[in-house]
Every structure is written in structure tokens, then in C-alpha cells.
Amino acid sequence: MDYVEQISVFLENKAGRLADVTGILAEANINIRALSLADTSDFGILRLIVNDNDKAKEELKKAGFTVGKTDVVAVEVEDKPGGLSYILRILHKANVNVEYMYAFVQQSGANAVLIFRFDNLDEAIRILRDNKVRVIKGDKLYAM
Amino acid sequence: MIYNIEIETLPREALEAMQLRRLKETVERVYVTVPFYRRKFDEAGVTPADINSLKDLERLPFTTKEDLRDNYPYGMFAVPMDNVVRIHASSGTTGKSTVVGYTARDIRTWAELMARALAAGGTTRGDIIHNAYGYGLFTGGLGVHYGAEKLGASVIPISGGNTRRQVLIMKDFAPTILTCTPSYALHLAEVAAEAGVDFGSLRFKSGIFGAEPWSEKMRAEIEAKLHLNAIDIYGLSEVIGPGVSVECLEAKNGLHIFEDHFIPEIINPQTGERLPNGAQGELVFTSITKEAFPVIRYRTRDVTSLDRAPCICGRTLVRMRKVSGRTDDMLIIRGVNVFPSQIESVIMEIEEVEPHYQLVVDRIDNLDTLTVMVEVGESFFSDEVRVLQGIEKKLSKDIKEFLGVTAKVKLVEPKTIARSEGKAQRVIDNRKI
């Protein structure tokens with residue numbers, strides 16, 4: 001599967017909600033690979049890449065959270081200046097719209113991983129691959 | 001001041017004889033012209049010939065808001081549309097408001113009633129009226145307007161909104177009578193103070209306030225801040241609009257009902273049984289002169305009691321106490337009637353399953369605010385902030401468009417809204433009127 005499954009959780013702007021989520025995941029022995037938190041004055045959306053999507057979703061739903069699943073694309077770049085800029089220029093030239101993105105650095109390699117949400121995933125993946133950009137498959141990412 | 005001295009001080013026997021005559025005419029007419037009433041009367045086993053005393057009114061069936069909605073829009077009109085010269089409506093669920101109609105004579109009747117009401121509050125033809133009730137489908141603005149012109153006073157049709165400008169107009173045009181909702185009156189006072197305009201320097205002598213419930217405490221506050229006599233006026237579009245009853249300046253103790261046009265009853269809302277004088281219950285009206293949209297025993301859902309004690313003003317018309325509440329869950333927000341179920345149907349447009357929502361009503365700076373909390377369900381949850389904010393905005397916009405009331409929509413986590421065994425507690429009203 002070329003995509004990566006990301007879990008999104010709705011959070012009210014109440015003290016401790018974020019801690020509650022991470023607590024539940026810890027209890028269930030789930031490892032978070034990457035996360036990003038988008039916030040507004042009223043609520044936040046927590047986006048997570050974990051090593052066991054189904055379990056994470058189940059546990060969070062049991063605890064009463066609203067959970068969604070979105071397909072995103074993970075891209076690997078060298079961890080040095082210009083890595084992200086290069087990718088974004090390619091996308092911009094091909095008129096591909098980025099809904100949101102976030103990034104994390106790998107401990108082991110010299111690479112960084114960029115997570116992108118696109119309107120049209122398949123088209124974006126095709127354009128990235130045409131430009132020799134490395135797209136990481138879901139299974140590989142969860143296990144990293 | 002009494003506008004129509006002959007009628008407003010008519011001895012009870014003459015008034016009741018007039019009521020009976022008009023009631024019989026109305027019952028005969030609706031039986032023939034309104035299929036809805038014919039059917040209801042037949043089901044109740046009663047015909048116009050059975051109505052021979054005012055007590056016989058109790059034999060007639062009740063009419064409810066649902067009946068009006070079921071006959072939307074013109075199903076209960078008693079005259080051909082050609083004879084209808086005015087249409088008003090109150091906000092309803094998407095498309096299903098309560099529609100009422102008026103013939104030329106109904107408009108004249110209404111104007112006479114409003115002239116009486118304005119006069120009861122101290123208005124004369126020499127006065128200038130600042131009319132800040134909304135003009136449009138709502139009956140408030142035009143109701144006062146026609147009454148003012150009938151009385152001969154000078155009416156400024158300023159309608160609602162644009163408060164800063166209203167304060168300027170008040171300063172320059174020197175009106176002497178104010179007509180608007182009581183909470184808007186306090187809001188005007190606030191905005192005036194901010195603009196450096198002292199109400200004490202303005203020319204107001206009386207204000208005639210209604211369209212929402214307000215307490216004696218609020219009256220005291222309005223009188224102190226606006227330097228005028230605050231009078232309560234009552235009405236509802238189904239019965240005619242404002243002008244069904246009004247307080248007199250002399251007593252300010254109960255609203256005189258214009259009984260030559262409307263027969264009031266107080267009933268037990270659960271059993272429908274008529275209650276004796278002085279008992280509190282649901283207010284019911286039967287119109288006895290309206291042509292286009294007569295109503296027989298219309299249940300207002302307002303809670304009050306009747307007081308037949310003589311009044312120092314000299315009027316012989318029965319008084320109703322200031323309305324103390326509702327028998328249903330209707331809210332009045334900035335003078336606009338809102339039913340939680342209406343908000344529900346707007347939310348339903350977005351979420352397929354039964355929405356878990358709650359309405360929180362507050363009064364901030366004397367203006368009502370409505371916050372609609374909606375639990376985020378999986379069916380409409382998105383990982384994009386833009387999408388969720390879009391939903392909040394769309395709900396807010398739809399509520400404004402269909403119900404005419406501004407609401408802040410707040411998405412909350414599931415289960416944050418308390419579940420209850422029986423009827424869900426849809427509304428938290430923090431206002432202390």
C-alpha cells in the first residue's frame with residue numbers, strides 16, 4: 001500500500017485532553033511514530049501515525065473519542081537543508097495542493113520523513129515518483 | 001389615557017353580550033369557510049347552533065400551533081386570497097413557519113387595538129414614536145406603525161439593528177415614546193452611554209415593551225436607566241400580533257385584554273379543563289372579529305392568570321398577569337421565537353444520526369446570546385480544521401437564515417453533553433430575567 005494511514009482525533013480545548021489520549025495509547029502499548037496537533041480557538045485535531053492503527057482506533061473510541069482515519073503520503077528526504085524545499089517546488093510546479101503536512105527525523109538514518117495530506121493522493125504520488133522522490137509505504141513506516 | 005372610552009369602560013353585561021354575539025357569528029363563519037374547523041367541530045360533535053352562551057365556548061375544540069403548521073401556508077384562512085391584504089409569518093423550521101393573513105378590516109381592527117395600546121402607555125397624537133421593533137414578516141414593527149398612524153402620533157420606522165445610528169436619531173429627532181423589546185431597550189441605554197448620550201437628556205416619557213417575557217426587576221432597571229415609564233404589551237401573530245393586551249400607565253399591574261375582540265380562557269395544560277379566575281394556567285384565545293385568520297380556542301403555551309378585580313384606570317377589561325413562562329420548550333431570543341427542535345432540524349441536515357446537541361442561552365451586555373453545542377460524530381468528523389470550521393460556519397449561517405437568530409456553534413467531544421433518561425435537556429438558559 002503506497003499510502004500511510006493516519007489517525008485523527010477530535011479534541012476540545014479542555015485541559016488534559018491531549019494527556020488523556022497519550023495515556024490511553026500508552027496503556028495499550030501503542031507506539032506513536034509521528035504526531036501533529038492543529039488547533040483553533042475552540043478545538044484541536046490530533047493527527048497520529050502509530051504502529052498499530054486498528055488497536056489505537058479501538059482503544060480511543062472505547063474511551064469516547066471521535067476518531068477518524070485518513071490516507072496520507074510519507075516521503076523520505078535527506079536530512080539536510082533544501083530537502084523540504086525541493087519537494088514543495090516539485091508539487092507547486094505540478095499544481096498539486098498540499099492540505100497540510102508535518103515532519104519528523106529518523107533516529108537511525110540520515111533521512112527525514114515528511115507526511116503530506118493531498119486532495120488527490122494517486123496523482124501526487126505519481127508526480128513525486130516521476131521526480132525520483134522516495135515514497136515510503138505504510139507497512140514500512142509503522143515498523144520504523 | 002383611554003383611546004376608546006366607550007368600549008374600554010363598557011359595563012360587563014354589555015361587553016359580554018357583545019362577545020356572545022360576535023362569538024356566534026365567528027363560529028358560524030368558520031364552520032362554513034374553514035374545512036379544518038368544520039372537521040374539528042364534527043369530530044367533537046358540536047355545531048354552531050350549540051353555542052348559545054359564553055360558557056358553551058368550552059364545548060369547542062382547541063387549536064394548536066401544530067394545527068397551524070399542518071395547514072401551512074393558507075389552509076386556515078377563512079377568506080379568498082383576493083381579500084387578504086397582508087401576510088405575516090413567524091420563523092419556523094425550514095419552510096414551515098406559522099403564516100397569518102389580514103383583510104382590510106382586520107388591518108383596521110389591528111390599528112385600532114394598537115392605538116389603544118399606545119394610548120394606554122401614555123401616547124397622544126402629539127408624540128413622536130421611536131419604533132425599534134423589527135419591520136418585516138414579524139408583526140411587531142408594522143403593528144406599532146399602523147397603531148401610531150391611527151392614533152395620529154409621528155412614527156419613526158427605525159426597525160431593529162444599527163444601534164449606534166439609533167442613538168444618534170434619538171438625540172436629533174427627539175422622540176418621546178420608545179417601542180422595542182425590553183432587552184433591546186437596555187442595550188440602547190448601554191450603547192447610548194458609550195456614545196456619551198445621557199438618556200436623562202432625551203425626551204422619552206414612556207416605553208412600550210414586549211415580544212419577550214420580562215420581570216418587575218427588569219422594569220425597574222429599564223425605568224432607572226432610560227428615565228421613562230416602562231409598559232408591558234402582549235400579543236402573538238396567531239391571535240393578531242401585538243395589541244392583544246397592554247398594561248395601563250395608572251396601575252402597571254396586569255395587562256388589559258381587549259375583550260371585545262378576543263375571549264381569553266385559562267386552562268390546565270395537561271387536561272384542557274378551564275380554570276377559575278385567579279388560577280394560573282395556559283392562556284387560550286378565541287378571536288371574535290378577525291376575518292382572514294380567525295382562531296378558535298388557540299393555545300398560546302404562555303402561562304398566566306386572569307384578574308377580574310376593578311382597575312383604577314377605569315377600564316372594565318379583564319387583566320392578565322405578566323406572562324411567567326411557557327408550557328413548552330420555546331425560547332425567545334432577542335424577541336425571536338426559537339424552538340430547540342428547529343435547531344435540531346438544521347443540525348440534521350449535516351449529520352445523519354440523531355444529533356446530540358445543547359443550546360446555551362446567556363444574556364451578555366443585555367443582549368441574548370445563543371451557543372449551540374454539537375457533539376462531533378464520526379459521520380461528519382474530518383481531519384482538516386478547515387472542514388470542521390466550515391461546518392461550524394455553515395450551521396451558524398443556516399440557523400441565521402432559517403430561524404433569524406444568530407448562534408455561535410461550538411463543536412464538542414462526544415458524551416460531553418449529559419444524557420438523560422427521559423426527555424433530553426436540550427436547553428440551558430442562564431438568563432435571569
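Just so you know, all these numbers are worked out from the coordinates, no wet-lab data involved. The structure presented is a predicted model; accordingly, all values stated were derived computationally and were not measured. Using ideal geometry, Cβ is built from the backbone for each residue, glycine included, and neighbour counts are taken over all protein chains shown.
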| said: Averaged across A:43-51, how many Cβ atoms of other chains sit within 10 Å of each residue's Cβ atom? | reply: 2
| request: Run the quick spin-label model on residue A:19 and residue B:329: label points 7 Å from Cα toward the beta carbon, then report their separation in nm to one decimal. | output: 3.6 nm
| Exposure proxy check: B:170, B:373 ranked by fewest other beta carbons within 10 Å? | B:373, B:170
| Binned Cα-Cα distances of segment B:332-429, short to long, each 5 Å bin given as a whole percent | 2, 13, 25, 26, 19, 11, 4, 1
| Net charge near residue A:117, counting Lys/Arg +1 and Asp/Glu -1 over other residues with Cβ under 13 Å of its Cβ? | -3
| Given that compact globular proteins tend to follow 2.2 N^0.38 Å, what is the ratio of the alpha-carbon Rg of chain A to that value? | 1.08
| message | Between A:99, A:59, A:12, where does the largest GNM mean-square fluctuation fall for chain A, given springs only between Cα atoms within less than 10 Å? | response | A:99
| Got a sec to turn the phi values of segment B:335-342 into Karplus ³J(HN,Hα) couplings, 6.51 cos²θ - 1.76 cosθ + 1.60 with θ = phi - 60°, whole Hz, x for Gly and Pro? | x, 9, 6, 10, 9, x, 5, 5
| note | To the nearest 0.05, the calculated FRET efficiency linking residue A:32 and residue B:400 through their beta-carbon distance, R0 being 45 Å, is 0.65
| request: Could you give the C-alpha radius of gyration of segment B:18-120 expressed as a fraction of 2.2 N^0.38 Å, taking N as the number of residues it contains? | output: 1.20
| field | Peptide-level mean, for B:367-376, of C-beta atoms on other protein chains within 10 Å | value | 1
| query | Pick from A:50, A:96, A:75: which residue has the top mean-square fluctuation in a GNM of chain A where Cα pairs under 10 Å get a spring? | reply | A:96
| field | Ratio Rg/Rh, restricted to segment B:296-353 and using Cα atoms, in which Rh is the Kirkwood radius | value | 1.22
| query | Given the convex hull over the Cα atoms of segment A:72-143, what projected area results after averaging over all orientations, in nm²? | reply | 4.6 nm²
| task | Provide the per-residue ³J(HN,Hα) series for segment B:12-26, in order, calculated from phi with Karplus coefficients 6.51, -1.76, 1.60 and θ = phi - 60°, each as a whole number of Hz, with x at glycine and proline positions. | result | 4, 4, 5, 4, 5, 5, 5, 4, 5, 4, 5, 5, 4, 4, 5
| message | Past 18 Å, Cα to Cα: identify those pairs from A:62/B:415; B:40/B:65; B:55/B:252, in the order given. | response | B:55/B:252
| task | Give the Debye-formula value of log10 I(q)/I(0) at each listed q (0.14, 0.18, 0.21, 0.24 Å⁻¹), with one equal scatterer per alpha carbon of segment B:155-224, two decimals each. | result | -0.39, -0.66, -0.92, -1.22
| said: For segment A:4-70, place one equal point scatterer on every Cα, skip the solvent, and apply the Debye formula. What is log10 of I(q)/I(0) at q = 0.11, 0.17, 0.28 Å⁻¹? | reply: -0.21, -0.52, -1.45
| Summing +1 for each Lys or Arg and -1 for each Asp or Glu, what net charge is found among the other residues whose Cβ lies under 13 Å from the Cβ of residue A:126? | -2
| task | Compute the normalised compactness of chain B: alpha-carbon radius of gyration over 2.2 N^0.38 Å, N being the residue count. | result | 1.02
| field | Two-decimal Rg/Rh across the protein assembly as shown, once Rg and the Kirkwood Rh are taken from alpha-carbon atoms | value | 1.13
| query | What nm value, rounded to one decimal, do you get for the distance between residue B:42 and residue B:70 when each label is placed 7 Å out toward the C-beta? | reply | 1.4 nm
